[in-house]
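Let me begin by presenting the structure, written as structure tokens, before commenting on it.
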Amino acid sequence: MSRMTDKVVLITGAGAGMGRSHAVRLAEEGADIIAVDLPGVVGEQGLAETSRLVQALGRRIVTATADVRDHGALDDAVATGVALLGSVDVIVANAGICETPGPSWTIDEEVWNRAIDINLTGAWNTVKAGVSALSPAGGSVIIISSTAGISGATGRSQYAASKHAVVGLARTLANELGRQSIRVNTVHPGAVGTDMVLNPETFARLRPDLVAPTAADAAEVLRANTLLPVPWVESVDVSNAVLFLASDESRYVTGLQMVVDAGQTQKVA
């Protein structure tokens, strides 16, 4: 497979979940990876596993730890990757956080600021750090938003606000960078089968009628929200969308909001 042969891709949140999936899927198509995740044991262990998977595919990978809220740390991570792999062809601003604190007027200021700082400012920091390293031939910037960036998200207004905001950021960047042959798009997953959804807290929120709900119990609720007969999509489904937007197959696609949600946002009640 060669849709990304010898392209270099910067991915944040690459130590687990969708970020790891993006790294592996693009490496399968020939990409080399600059993988970034949080400092600390969890982030470092996650990056080590992502590195193992990418190297098993015969591709190169440089890992670095940086909090996306720390622009200086991201700058250093990109500089390290570029020194070893060359200029960047694709930026995937994937790192994010999702909490369910409750109604908008009850949300603690710290929770609100954390979502905005990571999901919005973190995406901006990622692009800011990576864009100067983009290839002179052009490139692709992909920001991972959410279906919450298209519709509301009851109990998670801080998340919905941040995911709407990155669409405005991406649309503006598409206008600013288009003449340099740099495309900018957003991807909007619905529920994805990662730890962000598959955890006891989410199960309890979706099935408050049960004492100890399981993934199967939660799936009953989530399946009712989609047009296709599945409760959630898998990480690779989102990664396939990222791959399309990263590859030359989408060379004239910019300013797009690509939704991967099994029809969730289109369902009529």
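The values are calculated or read from the model by the stated rules, or taken from the named source; none is laboratory data. Model, not experiment: these values are computed from the prediction. Please note: Cβ atoms are built from the backbone with ideal geometry, for glycine as well, and neighbour counts cover all protein chains shown. Quick note on the areas: whole protein, heavy atoms, side chains included, nothing else; ligands and nucleic acids left out. Shrake-Rupley method; radii C 1.70, N 1.55, O 1.52, S 1.80 Å.
I need the full set of residues from region 79-94 which are open to solvent by 20 Å² or more (accessible area, probe 1.4 Å), part of a helix (DSSP H, G or I) and within 26 Å of Ala174 (Cα to Cα), in order please. Selection gives Ala79, Val82, Leu85. Please verify whether region 148-164 includes one or more residues that are over 16 Å from Ala115 (Cα atoms) and either open to solvent by less than 20 Å² (accessible area, probe 1.4 Å) or among the hydroxyl-bearing types (Ser, Thr, Tyr) (or both). Scanning region 148-164, I find at least one residue that is over 16 Å from Ala115 (Cα atoms) and either open to solvent by less than 20 Å² (accessible area, probe 1.4 Å) or among the hydroxyl-bearing types (Ser, Thr, Tyr) (or both), so the answer is yes.
Taking into account only those residues within region 10-61 that are among the basic types (Lys, Arg) and touching a residue at least 24 places away in the same chain (Cβ under 8 Å), which is most open to solvent (accessible area, probe 1.4 Å)? For region 10-61, the residue satisfying everything is Arg60.
Among Ser181, Ser250, Ser235, which is the only one that is open to solvent by less than 60 Å² (accessible area, probe 1.4 Å) and more than 17 Å from Gly96 (Cα to Cα)?
On the way: Ser181 fails: open to solvent by less than 60 Å² (accessible area, probe 1.4 Å); Ser235 fails: more than 17 Å from Gly96 (Cα to Cα).
Of the residues listed, the single one that is open to solvent by less than 60 Å² (accessible area, probe 1.4 Å) and more than 17 Å from Gly96 (Cα to Cα) is Ser250.
Conditions tested, residue by residue: (1) in a helix (DSSP H, G or I); (2) touching a Pro at 6+ places or on another chain (Cβ under 6 Å); (3) not basic (Lys, Arg).
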| position | (1), (2), (3) |
| --- | --- |
| Ala115 | yes, no, yes |
| Gly122 | yes, no, yes |
| Lys128 | yes, no, no |
| Ala137 | no, no, yes |
| Ala148 | yes, no, yes |
| Ser151 | no, no, yes |
| Gly155 | no, no, yes |
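From Ala35, Ala23, Ala16, Ala27, grab the single residue that is touching a strand residue (DSSP E or B) at 6+ places or on another chain (Cβ under 9 Å) and within 19 Å of Val131 (Cβ to Cβ).
Matching residue, one of Ala35, Ala23, Ala16, Ala27: Ala35.
When the test is whether a residue is part of a loop (DSSP other than H, G, I, E, B), surrounded by fewer than 19 Cβ atoms within 10 Å (Cβ to Cβ) and free of Cβ contacts under 8 Å to residues at least 40 places away in the same chain, Asp6 passes it.
Taking the conditions (1) within 22 Å of the chain's Cα centre (by Cα); (2) at pLDDT below 95 in turn, Leu206 satisfies each one other than (1).
Need a quick list: helices (runs of 4 or more DSSP H) entirely within region 168-269 having at least 3 residues that are free of Cβ contacts under 8 Å to residues at least 60 places away in the same chain and of a type in the set (A, V, I, L, M, F, W, C). Reasoning before the result, please.
On the way: elements: 200-206, 215-223, 235-246.
The helices (runs of 4 or more DSSP H) meeting that bar are 200-206, 215-223.
Scanning region 95-134 for residues that are open to solvent by 20 Å² or more (accessible area, probe 1.4 Å), touching a residue at least 24 places away in the same chain (Cβ under 8 Å) and of a type in the set (Ser, Thr, Tyr) yields Thr100, Ser104, Thr121. The number of residues in region 216-238 that are within 9 Å of Ala262 (Cβ to Cβ) and hydroxyl-bearing (Ser, Thr, Tyr) comes to 1.
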